[in-house]
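The values are calculated or read from the model by the stated rules, or taken from the named source; none is laboratory data. No experiment lies behind these values; they were computed from the predicted model shown. Here the Cβ is made from the backbone with ideal geometry for all residues, glycine too, and neighbour counts use every protein chain on show. Surface areas here come from the heavy atoms of the whole protein model, side chains and all, with no ligands, DNA or RNA. Shrake-Rupley method; radii C 1.70, N 1.55, O 1.52, S 1.80 Å.
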Amino acid sequence: MQIAYYPGCSLHASSELYDIQCKKVFRQLGIELKEIEDWNCCGATSASKTDDFLSVALPARNLGIADASGLSEMLIPCSSCYNRTLVTQKILYEDPELKNKINIELSKKVEGKIRISSILDILVSKADSGEIAEKLIKKLEGLKPACYYGCLLTRFPGDIKISDNIENPQGMETVCKALGAEPIDWSYKTDCCGASAAVNDTDTSLFLMSKIIKDALEREANCFVTTCPMCQINMDAYQDQVCECYGIQKKLPVFFITELLGIAMGFTPQGMQLDRHFVDSLGLLKELKLI
Amino acid sequence: MSSSVLQFEPELSQPLIQEVMSRSGQNLLACYQCRRCAAGCPVGDETGVTPDRLIRMIILGEREEALNNLLVWKCVACYTCGTRCPNNIQTARINETLKQISKEAHIEPLLPKVSAFHDVFLRLTSHFGRVNELVFIGLYEMRNAKRELKHGGGWKAVADEMKNHAKLGISMMKKKRMHFQLNRVKRLSEIKRLFKKAKDEAGG
């Protein structure tokens, strides 16, 4: 089965490992990810904060390209890209005048027919159908992840309905349980890591991350797992600094969900590029005899 | 708030509230100050002004305060306030609108780095169609350095900022998370047209 795929800027730069992992893991699940041609940046939150027209027009161009691909579904692994694209699709559906205005400028017009899926939409259905269980080489016994959703996977700046619970989502837990891991119950799963504030308002971001890390440690998680490249790089690259500022003694590896799937499916740590983490992730996996 | 006595001049407050409501698409008048937004705001403790306070400022027509408070600039756009609001008011959208109004009015932002971040992000998108992180950080730091030198932060402030990012940059390089290749869109003319239209829309 083939589905369209929008990687977004992060997955072609600092989170390239997530791009590689997504393709590998999905192939193993019988899904070929077909990257849409000539995609552009979705504008992320920067467009919304600067120009309302662009915040819709930029994702709209990608939607036009995706509609023209002839495929019926598109995976967007990055939470920010997923959020912006889904919101745009809804705005354009409700505002045909704006849609026409944007379509005039596009070589591939938005039709609004492609279904936008987050990585959890697809993985949860594969967990429920038992297809993930079929592909398992080993169970992730002893792994106690704090499933970290962040903001943009469940909350939208508009009335968008999702299948999971907004305040206490369970999708990532469902997938982790299918892999034999024991996700912990905790209170900060949908709290904000600060996103771009890590760069432009660092103290605020460090404070927000400290609360998330402290709660995960108190609940005895031994790692984080996330689906968002911004959450991953913030919690991973800044964890040293957070721990130093807030006197936190222990560090927790921050896995992409695809890394846990990959390890359970028998991919090597090299194949999953686990050496590209800031907080060591190999030690824990070795200790638990998972690699 | 500007004074201890509550002052309300309907004719003065009308233009601001109308502008914010129409641009943000949020019905501010539906706010009945239940403060669920304030309870959930991750930066509320730091900013002092919480979403409910901001809405009240706008309703009272306190333009200057509404455009110059920490919430507008520290809002992390997590959308918690909006999803918890019983009347579906997205204060994060209101903050976005206020940032835009503030920029159009050439008001110096309370957190200039936040404003520089988003400006540079969009500028790069207009040039390449995609955001290249390395070029992005370079331009963003140049913008910050220029401002520090102009407004008296001096070379020390510039050096401190650079040192922080250089440290992160080095560890990103070590972890092969730094990307040197320049990504760009092929049909850039389409991107340029969208940016031109955005400018026309704003002008009109």
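Details
- Sparsely packed GluC sites (Glu not before Pro) within segment A:225-291, loop by DSSP, other Cβ within 10 Å at most 10: none
- The 3J(HN,Hα) values that the Karplus relation (6.51, -1.76, 1.60; θ = phi - 60°) gives for segment A:19-30 are, in residue order, 4, 5, 5, 4, 4, 5, 5, 5, 4, 4, 8, x Hz. Gly and Pro appear as x.
- Largest-first ellipsoid semi-axes for segment A:83-188, taking √(5λ) over the Cα gyration tensor eigenvalues, angstrom: 35, 17, 9
- Between 0 and 90°, nearest 10: helix B:91-104 axis offset from chain B longest Cα axis: 70 degrees
- Net +/- balance of residues flanking residue B:193 in space, Cβ distance below 15 Å, scoring K and R +1, D and E -1: +4
- By accessible area with a 1.4 Å probe, ligands and nucleic acids excluded, highest first: order of A:202, A:190: A:202, A:190
- Relative contact order (%) - segment A:189-244, alpha-carbon pairs under 8 angstrom, separation at least six: 39 percent
- Normalised by the number of residues in segment B:112-203, the average gap of Cα pairs under 8 Å and 6 or more apart makes the relative contact order 36 percent.
- When the alpha carbon gyration tensor of segment B:21-60 is reduced to an equivalent ellipsoid, its three semi-axes come out at 19, 11, 10 angstrom, largest first.
- For the chain pair B and A, the interface hides roughly 5400 square angstrom of accessible area in total, found with a 1.4 Å probe.
- The helix-based estimate of mean residue ellipticity at 222 nm for the protein assembly as shown, built from -39,500 (n - 2.57) per DSSP H run of four or more residues and divided by its residue count, is -16500 deg cm²/dmol to the nearest 500.
- Look at where the Cα atoms of segment A:196-258 and of segment B:93-161 average out, and the two centres are 25 Å apart.
- For segment B:12-79 and segment A:67-127, distance of Cα centres in Å: 30 Å
- Among A:142, A:30, A:194, residue whose mean-square fluctuation peaks in a GNM of chain A (springs only between Cα atoms under 10 Å): A:30
- Cα coordinate range in the protein assembly as shown, projected on the principal axes (Å, largest first): 70, 53, 46
- The H on the amide N of residue A:255, modeled in the peptide plane, is under 5 Å from the matching H of A:224, A:225, A:226, each at least 5 residues off or on a different chain.
- Heavy atoms of the protein chains alone define the surface here; on that basis segment B:10-104 has 40 Å² accessible area per residue at 1.4 Å probe size.
- Relative contact order (percent, whole number), chain A, Cα cutoff 8 Å, 6+ residue spacing: 18 percent
- Cα shape, segment A:130-287, gyration tensor, a/c 1.5 rule: oblate
- What the Kirkwood sum gives for chain A is a hydrodynamic radius of 19.4 Å, with every pair of different alpha carbons counted.
- Couplings 3J(HN,Hα) for segment B:167-184, derived from phi with the Karplus relation 6.51 cos²θ - 1.76 cosθ + 1.60 (θ = phi - 60°), are 4, 5, x, 5, 5, 5, 5, 4, 8, 6, 9, 8, 10, 9, 6, 8, 8, 8 Hz, where x marks Gly and Pro.
- Across chain B, the volume of the C-alpha convex hull divided among the residues equals 166 Å³ per residue.
- Equivalent ellipsoid dimensions for segment B:23-121 as semi-axes, Å, which come from the Cα gyration tensor, largest first: 21, 14, 12
- The calculated P(r) of segment B:112-203, using every Cα pair and 10 Å bins from 0, goes 15, 36, 32, 16, 1 in percent.
- Accessible carbon and sulfur surface of segment A:173-232 relative to its total accessible area, %, 1.4 Å: 44 percent
- Using θ = phi - 60° in the Karplus curve 6.51 cos²θ - 1.76 cosθ + 1.60, the 3J(HN,Hα) couplings for segment A:232-243 round to 4, 5, 4, 5, 8, 6, 9, 4, 3, 5, 4, 5 Hz; x is entered for Gly and Pro.
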